[in-house]
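Undergrad: Just passing along the structure, written as structure tokens.
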Amino acid sequence: MEPKLINQTEGMPRCDYPRPQWERAEWINLNGKWQFAFDFSRSGLERGMMEGGDYPLEILVPFCPESKLSGIGYTDFIPAVWYRCTLTLDPLPSGRALLHFGAVDYLSEVFVNGRSCGKHKGGYTSCTLDITDALKKGENTIVVYAEDDLRSGKQPFGKQSERLASYACSYTRTTGIWQTVWLECVPEAYLVSAHIIPRAKDARAEITLTGHHTDGALVSVRASFEGKCVGKAEAHFSGSYASLSLPLSEAHLWEPGKPALYDLTFTLEGGDTVRSYFGLRDLSWEGRALKINGKPVFMRTVLDQGFNPEGVYTAPDDDFLMRDIELSMALGFNGARLHQRVFEERTLYWADKLGYLVWGEFPDGCDLGSADGIEQLLPEWLESMERDFNHPAMIGWCPFNETYHRMALDEETHRILYDVSKRCDPTRPVIDASGGMHYDTDMFDVHDYEQDPAVFASYFEPMKEDPAAFHCPIERYVGNSPRRPIAYKGQPYWVSEYGGTFWDPDPTAREKGWGYGDAPRTEEDFARRYEELTKVLLDHPRICGFCYTQLTDIEQEQNGLYAYDRSKKHPDWVYDRIRNANIAASAVEKEE
């Protein structure tokens, strides 16, 4: 008899399954109230906190201790923390018990009944530990230890503030557990992951599977669309790997705003079953634009940093993630740069479901001018790419942001990250550094926060000259730093940050908040500036996308299209003009 695993507990936060592209029917959600302790001296290991000790506080997992939703709300620096909970298993599982963490910032170690079951380094990527051998019948104690020192220069931290308080475009920090914790019981032989490459032109998917204790085992996959079976395939594992080609009897393409999705069921002989899904779509980036299924698509994107006032990095609930995308799409955007962090995977699920394009990025923070910095960044970057590879909404990767601010970051570093990223995923474009120093890049992007539309347009005029050669010099590549190490080589070109216009209807907010450039004086001025800046980019025959800064205000940064709590900042007529500006036809789509 196996222990009954459930996916709901009354009053538990974030009960949605955290990994919707690799879902098992039965699981134990370990979110909820845990015992908690700060470890300001980092002495807890010596004090034996993994086996006992004082846990004087209570925290609501998966919310970080800096957040209001956690029940703690401590926003000073936190060098280390401890968590403890109990789990009753009767009987013990007959197979393997896998403990999953969506994300723990930054260096974590997990103990079960006082026994170390593994460590993980990286505050943005997921971790799975096999805790079978540490479990006992009845009550089990799970302890999580996490260290976090973003001022060390040895860990990525993105837009988390390295000062005591938030400032400019740096915000409240996140420490420790900040995504769902859950347990699954699986057979001794079980499926670990799938790598899905859609082939839209051929109406098929190429799938590589990994497994545990699977040598010689048969795995089958069934594809369905809207409940109808449209494809089957099977293969035997050779060691821990199996590969198969899945032909589809019906081709339904995934496109922006038209998100056709196929359901998948993987079944391994011996009992393990996993549900997944994928989108049938091809990406290419020849010529002037990104193409989806052979058609040029102008990237009408918005900068999304994913912070919120109650949970900081963690959404209060699943609907919150969906609503952020719906708010963006309501304004005519078809996608977002998921900026300076790795988002919860359910953000990508909703992007897949709603037909919303996203760029995957990675947080700044390491000293990337050194080998040590690369050592800290590269493994976690590759983990994030692996986690999000199968999402059809993911249309590109970008490991760095605005590297012209870090003069120590040299050519070799850029080329290494570009090359490794391309080897891991040749199916998507890779940008070496958004708005920064390009060396090797599939798309050429710049950031420009010029607020005067006429001046803004003048910066891109040289691109219209000598279209045959497509190597014309551009005098101004970036709004605040024109430094460029190499010439533009004719790649698809887009302005991946612009706007950022400060606006708050409260005149006193100008004294404590900030945004880019001179703030408009009236709503009419704001609407007109938005329209004219956006028109410059849509009308240019060599520009294939934009990214407006940004979707929402964040703490002191007051350049969002919505307020930090997602309420409206503008009257409806302004939003109507923003939407109409965004959805206007683009020159690059017309020409291609």
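Undergrad: Need one number: convex hull volume per residue for region 260-322, Cα atoms only, in Å³.
TA: Working: hull volume 11.2 nm³, N = 63.
Roughly 177 Å³ of hull volume per residue.
Undergrad: Which percent of the accessible heavy-atom area of region 162-229 goes to carbon and sulfur, probe 1.4 angstrom?
TA: 51 percent
Undergrad: Moving to a separate point now. Say the cut-off is 24 Å between C-alpha atoms; which of LYS422/LYS590; LYS353/LYS569; LYS258/LYS464; LYS119/LYS353; LYS258/LYS291; LYS258/LYS489 go over it?
TA: Table pairs above 24 Å Cα-Cα are LYS422/LYS590; LYS353/LYS569; LYS258/LYS464; LYS119/LYS353; LYS258/LYS489.
Undergrad: Could you state the per residue volume, in Å³, of the convex hull enclosing the Cα atoms of region 80-211?
TA: Taking only Cα atoms, region 80-211 has a hull volume of 153 Å³ per residue.
Undergrad: If one takes the longest principal axis of the Cα atoms in the chain, at what angle in degrees, from 0 to 90 and to the nearest 10, does the Cα axis of helix 345-354 lie?
TA: The helix 345-354 is inclined about 60 degrees to the chain.
Undergrad: Modelled label-to-label distance, THR210 and THR75, 7 Å Cα→beta-carbon offset: nm?
TA: If labels sit at THR210 and THR75, their model points lie 4.0 nm apart.
Undergrad: Can you give me the long-range amide H partners of GLY176? Hydrogens built in the peptide plane at 1.01 Å from N, cutoff under 5 Å, separation of 5 or more residues or another chain.
TA: ASP105, TYR106
Undergrad: Rounded to the nearest percent, how much of the accessible area of region 1-154 (1.4 Å probe, protein heavy atoms only) is carbon and sulfur?
TA: So the carbon and sulfur contribution to the accessible surface is 47 percent.
Undergrad: Taking 2.2 N^0.38 Å as the expected size of a compact globular protein, what ratio does the Cα radius of gyration of the chain give against it, to two decimals?
TA: That works out to 0.98 for the chain.
Undergrad: State whether region 349-458 is rounded, prolate or oblate according to the following rule on the C-alpha gyration tensor (a ≥ b ≥ c being the square roots of its eigenvalues): a/c under 1.5 gives rounded; otherwise a/b larger than b/c gives prolate, and the remaining case gives oblate. Kindly include the intermediate steps, with their values, before the conclusion.
TA: Values: a/c = 1.96, a/b = 1.04, b/c = 1.87.
Since a/c reaches 1.5 but b/c is at least a/b, the shape of region 349-458 is classed as oblate.
Undergrad: Would any residue of region 128-143 have its amide N under 18 Å from a label point 7 Å out along Cα→Cβ of ASN113? List them or say none.
TA: 129-143
Undergrad: Something else: Report the gain in length on full extension from GLU461 to ARG42: 0.36 nm times residue separation, minus Cα-Cα distance, nm rounded to one decimal.
TA: 145.2 nm
Undergrad: Based solely on C-alpha atoms, express the radius of gyration and the Dmax of region 68-117 in angstrom.
TA: Expressed in Å, the Cα Rg and Dmax of region 68-117 come to 14.7, 45.
Undergrad: Quick one: Cα centre-to-centre distance for region 185-252 and region 483-541, in angstrom?
TA: Between the Cα centres of region 185-252 and region 483-541 lies a distance of 45 Å.
Undergrad: What would the Debye formula give as log10 I(q)/I(0) at q = 0.14, 0.25, 0.32 Å⁻¹ for the alpha-carbon point model of region 122-168, no solvent?
TA: Results for region 122-168 at q = 0.14, 0.25, 0.32 Å⁻¹ read -0.59, -1.05, -1.30.
Undergrad: Let me ask another. I need the shape label for region 1-108. Rule: rounded when a/c is under 1.5, else prolate if a/b > b/c, else oblate, with a, b, c from the alpha carbon gyration tensor.
TA: Since a/c reaches 1.5 and a/b is larger than b/c, the shape of region 1-108 is classed as prolate.
Undergrad: I've got another one for you. With each run of n ≥ 4 DSSP H residues scored as -39500 (n - 2.57), what mean residue ellipticity at 222 nm is computed for the chain after dividing by its residue count and rounding to the nearest 500 deg cm²/dmol?
TA: -5000 deg cm²/dmol
Undergrad: Give me a comma-separated list of calculated 3J(HN,Hα) values for region 73-79, in order, Karplus coefficients 6.51, -1.76, 1.60 applied at θ = phi - 60°, integers in Hz, x for any Gly or Pro.
TA: x, 8, 10, 6, 5, 10, x
Undergrad: So if each residue of separation counts as 0.36 nm, and I subtract the Cα-Cα distance between MET12 and LYS568, what length gain in nm does that give?
TA: 197.2 nm
Undergrad: Could you do me a favour and compute the accessible area per residue for the chain, 1.4 Å probe, result in Å²?
TA: On a per-residue basis, the chain sits at 37 Å².
Undergrad: Please name which of THR273, LEU338, GLY306 has its Cα lying farthest along the dipole of region 236-361 towards the positive end, using unit charges on Cβ (Lys, Arg +1; Asp, Glu -1) and the Cα centre as origin.
TA: LEU338
Undergrad: Are there trypsin sites (Lys or Arg not before Pro) in region 522-592 that DSSP marks as loop and that have at most 16 other Cβ atoms within 10 Å, and which are they?
TA: On the way: sites: ARG528, ARG529, LYS535, ARG542, ARG566, LYS568, LYS569, ARG577, ARG579, LYS590; in loops: ARG542, ARG566, LYS569.
Answer in residue order: ARG566.
Undergrad: Using θ = phi - 60° and the Karplus relation 6.51 cos²θ - 1.76 cosθ + 1.60, list the HN-Hα couplings for region 374-383 in order, rounded to whole Hz, with x at every Gly or Pro.
TA: Result, ordered by residue: 4, 4, 6, 7, 4, x, 6, 4, 5, 4 Hz.
Undergrad: So what J values fall out for region 435-448 if you push phi through Karplus, 6.51 cos²θ - 1.76 cosθ + 1.60 with θ = phi - 60°, rounded to Hz, Gly and Pro as x?
TA: Whole-Hz 3J(HN,Hα) from phi for region 435-448: x, x, 8, 8, 10, 10, 7, 7, 10, 9, 10, 9, 10, 8.
Undergrad: With +1 assigned to the C-beta of every Lys and Arg and -1 to the C-beta of every Asp and Glu, and no other charges, what is the dipole magnitude of the chain about the Cα centre in debye, to the nearest 20?
TA: In debye, rounded to 20, the chain gives about 700.
The values are calculated or read from the model by the stated rules, or taken from the named source; none is laboratory data. Model, not experiment: these values are computed from the prediction. So basically every Cβ, Gly included, is an ideal-geometry build from the backbone, and we count neighbours across all protein chains shown. SASA here: full protein model, heavy atoms, side chains in, ligands and nucleic acids out. Shrake-Rupley method; radii C 1.70, N 1.55, O 1.52, S 1.80 Å.
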